[in-house]
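The values are calculated or read from the model by the stated rules, or taken from the named source; none is laboratory data. None of these values were measured; they are calculated from a predicted model. All Cβ positions, glycine included, derive from the backbone under ideal geometry; neighbour counts span all protein chains shown.
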Amino acid sequence: MSQTLDPRAAAHVSEVAVSVELQTPGMTINLGPQHPSTHGVLRLVAELDGERVVNVEPVIGYMHRGYEKLSEVRTYPQITALVNRIDWVSGFANEIPLMVAVERLMEIEVPARAQAIRLILTELARISNHLVFLSSYPLELGASTPLMHALREREHVLELIEGVTGGRFHPNFNRIGGVKPAAGGGSTQKKLAQDLPQGFLSETAAAMDRMLAICDDMDTLVTGNEIFQARTKGVAVVPPDLALAYGVSGPNLRASGVAFDLREHEDYLPYDKYEFDVVTGENGDCFDRYQVRLEEVRQAARIVSQAIADVPSGPLQAKVPRVIKVPKGETYVRAENPKGEMGYYIVSDGGRIPYRLKIRSASFSNLSILPWALKGLLVPDIIALLGSLDFVLGDVDR
Amino acid sequence: MIPLVAVEINFYLLLVLKILAITGVMLGGSLPIIFGELKISAHMQSRVGPYYAGGRWGWAQPMADGLKFFQKEDLVPAAADRQVYKLAPYLLMVSTLAVFVIIPFSPDLIAADLDLGIFFALAISSLSTLGVLMAGWSSGNKYSLIGGLRAAAQIIAYELPLVLAVIGVVIQAGTLSMVGIVEAQIDMGVPFLIGGQAVAFVIFFIASLAELNRTPFDLPIAESELVMGYLTEYSGFRFTTFFLAEYAGVVAISAIASTLFLGGYGFWGLDSALFGPFVLAAKVGILAFLMIWIRWTWPRMREDQLQTLAWKWLIPISLANIMVTAIFKVVF
């Protein structure tokens, strides 16, 4: 038999035999759905060659709660309670685009005071969300102390939110045409003194100072750390064109160097009255994604400080009909949520419940970059990338 | 070698006594350090830490934790290699315990003052690799396997700078015996940390952190990546053994480092025979605090960075250190 083979084929056969002998099959490992670093129930089916990722397939859907469908059998005011729980780390911010969408369809003018309160609370939600990121990210890289420090400061923000709305995570505070009036009252001028709790403004000012202080603390504790930089700089670089192609938004997009912030481009809240910088990164690596969020805490504190200096007086709610019926039509409102662009597409057939409510959540699109971005990384880098994308599974699956 | 009492003691009785004493030292050393870690980390993180167990300061928390683990079921995964899985924690424990044999608490208070003292310690502590690798391999869990292999790669890489750092000390002291090394420092008047081996001390300390799998080298049990690495499947008593071995390792390595670099039981103006054990304990406490401090401050390195640090930095520097020490030894 061997005589019939030409030398090249024979060499090939022997090579195959050797490589069969020496083959080191890759390992397929399930990261999640129960795993310390997958922020809930994300599952990554990763094919590893040693510690290097050959291929990875994210599996989502473990957290699907059917909010879009549930919304179709609820009246508009009832939906607020649902959308709070989409991205539970920044519950308040989820309500805003929905309210604005309904108000636009109903052509309601929201009073300036309600707008200002919405804006303050949205920025507080942004701070609290980013503090969760700043606490959990070093933990995922192995440093456990920043977790406690950042969460301790977040408590001050949550107390502020609780003071106004009564809820720490799920305020359910927005009403169509404004915000929830003080207990026991309608939208009358008499109750005005009670809408923000006493001392709220001064406490907020003090809390904002604390936020700036914790940002400086994080700078000295984490940002400057050699090991932290070695673990994050140049890791999982997402180029700007790719980020745009995948629909990445929010801090993740800005970290790639695209200065796109819906607070500037949309007018869902009166951001044009306040000064703030759109923070961008340079390289689009994990370190930039961390740095952008750290800087955004400072910017959010800056916005809040400006906003509390001049809260307009006036009613908290516009005049709205007792039974809310949205005129026939459709609209899409998007907002700059802490995790990225969040949008609600409402189709109304003129009734009390939406005909269709499509939710565009930031984390879903941000996560879609995983199979591309994870290829060729090491196992520890998977965690570094996952953490730096700052997603919650509730926001992915809805 | 211990003239505990003037009368001659039966060999086997002495053996049992020594074994009990070493186990006691191991426990007496580890429990305070576990407690210290609980409390110190709590204070670093604006927490209170253990508060109730035992009354004041929650001092009994480590014991309570240990008792809790005793009550838990000792699970063996169906896919595990049963015998290897069951043996692994003890192998690790034995390798850590054996190191205590050569630690001198005072000129006479030492279980065995071997001529090869430090060599014995380094050799026997390498056995811990085997325990970790066995645990990772036999668990039948992919996370455990990765953790075990990481540990093996790490310990092999850091064993070298550890040994090379010690060689500098051995050259300067002119002996491998632990008591001899301490006496050399007492004769010189300053510990080796000041007296010429500062670089070696830093290298030894870094390498020992890696040896103990502590932050920033805790890759084998990297919780956010590998769940608990090679410890993932362990529970109950066997987990306690691993846990205790880790802290006993902290005590052992700190004691060796104190002996080699900080003057061991000796301190200016204190009688070694009388105060030796307390002086050593204080030095061990300082080093252990340093380890705890680092653990709760720094993030974790990556495998390739860890190997780079060992092969490209620590080993060349420690080789240079040996050369410089040797030149000084010959010239002066």
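Which residues, taken from region B:294-332, are outside any helix (DSSP H, G or I), within 14 Å of another protein chain (Cβ to nearest Cβ) and either of a type in the set (Lys, Arg) or over 30 Å from A:ILE382 (Cβ atoms) (or both)?
Result: B:ARG300, B:ARG302.
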- request: Could you please let me know if A:LYS339 is without any contact (Cβ under 8 Å) to a residue 40 or more places away in the chain and either surrounded by fewer than 18 Cβ atoms within 10 Å (Cβ to Cβ) or not hydrophobic (A, V, I, L, M, F, W, C) (or both)?
  value: no
- request: Test B:LEU122 against the stated conditions and say whether it is surrounded by fewer than 22 Cβ atoms within 10 Å (Cβ to Cβ), in a helix (DSSP H, G or I) and of a type in the set (A, V, I, L, M).
  value: yes
- request: Starting from region A:357-379, take each residue that is within 14 Å of chain B (Cβ to nearest Cβ) and under 26 Å from A:GLU72 (Cα atoms) and list its partners that are surrounded by 23 or more Cβ atoms within 10 Å (Cβ to Cβ) and at pLDDT 85 or above, counting only C-beta distances under 6 angstrom and pairs at least six apart or across chains.
  value: none
query: Just wondering, is there one or more residues in region A:107-127 that are on the phi < 0 side of the Ramachandran plot, within 14 Å of chain B (Cβ to nearest Cβ), touching a Pro at 6+ places or on another chain (Cβ under 9 Å) and not in a loop (DSSP other than H, G, I, E, B)?
result: no
query: Of (1) modelled with pLDDT of 85 or more; (2) in a loop (DSSP other than H, G, I, E, B); (3) within 14 Å of chain B (Cβ to nearest Cβ), A:VAL278 satisfies all except one. Which?
result: (3)
statement: Checking A:VAL89, A:VAL56 in turn, the sole residue that is among the β-branched types (Val, Ile, Thr), in contact with a Pro (Cβ under 7 Å, 6 or more places away or on another chain) and touching a residue at least 24 places away in the same chain (Cβ under 8 Å) turns out to be A:VAL56
- request: Report yes if some residue within region B:7-23 is within 14 Å of chain A (Cβ to nearest Cβ), among the β-branched types (Val, Ile, Thr) and either within 25 Å of B:THR241 (Cα to Cα) or touching a residue at least 24 places away in the same chain (Cβ under 8 Å) (or both); otherwise report no.
  value: no
- prompt: Has region A:127-147 got at least one residue that is surrounded by 24 or more Cβ atoms within 10 Å (Cβ to Cβ) and either under 30 Å from A:VAL326 (Cβ atoms) or out of contact with any helix residue (DSSP H, G or I) (no Cβ under 9 Å at 6 or more places or on another chain) (or both)?
  reply: yes
- line: Across region B:166-208, the tally of residues that are surrounded by fewer than 21 Cβ atoms within 10 Å (Cβ to Cβ) and either within 14 Å of another protein chain (Cβ to nearest Cβ) or on the phi > 0 side of the Ramachandran plot (or both) stands at 3
query: Here is a list of conditions, (1) within 14 Å of chain B (Cβ to nearest Cβ); (2) modelled with pLDDT of 75 or more, and A:PRO25 meets all of them except one; can you say which number that is?
result: (2)
task: Scan region A:348-392 residue by residue and report those that are more than 21 Å from A:ASN55 (Cα to Cα) and surrounded by fewer than 23 Cβ atoms within 10 Å (Cβ to Cβ).
output: A:ASP349, A:GLY350, A:GLY351, A:ARG352, A:ILE353, A:TYR355, A:ARG356, A:LYS358, A:ILE359, A:ARG360, A:VAL392
message: I'd like the full set of residues that are in contact with a helix residue (DSSP H, G or I) (Cβ under 7 Å, 6 or more places away or on another chain) and over 21 Å from B:ALA151 (Cα atoms), limited to region A:47-61.
response: A:VAL56, A:GLU57, A:PRO58, A:ILE60, A:GLY61
statement: Looking across region A:152-171 at residues that are surrounded by fewer than 19 Cβ atoms within 10 Å (Cβ to Cβ) and over 22 Å from A:ILE86 (Cβ atoms), the single one that is farthest from the other protein chains (Cβ to nearest Cβ) is A:GLY163
query: In region B:198-233, which residues are more than 22 Å from A:LEU378 (Cβ to Cβ), part of a loop (DSSP other than H, G, I, E, B) and under 20 Å from the mean Cα position of the chain (by Cα)?
result: B:LEU212
Filter result for A:LEU134 (assigned to a helix (DSSP H, G or I), within 14 Å of chain B (Cβ to nearest Cβ) and farther than 21 Å from A:GLU275 by Cβ): yes
message: Given the condition within 14 Å of another protein chain (Cβ to nearest Cβ) and modelled with pLDDT of 85 or more, answer yes or no: does some residue in region B:276-292 qualify?
response: yes
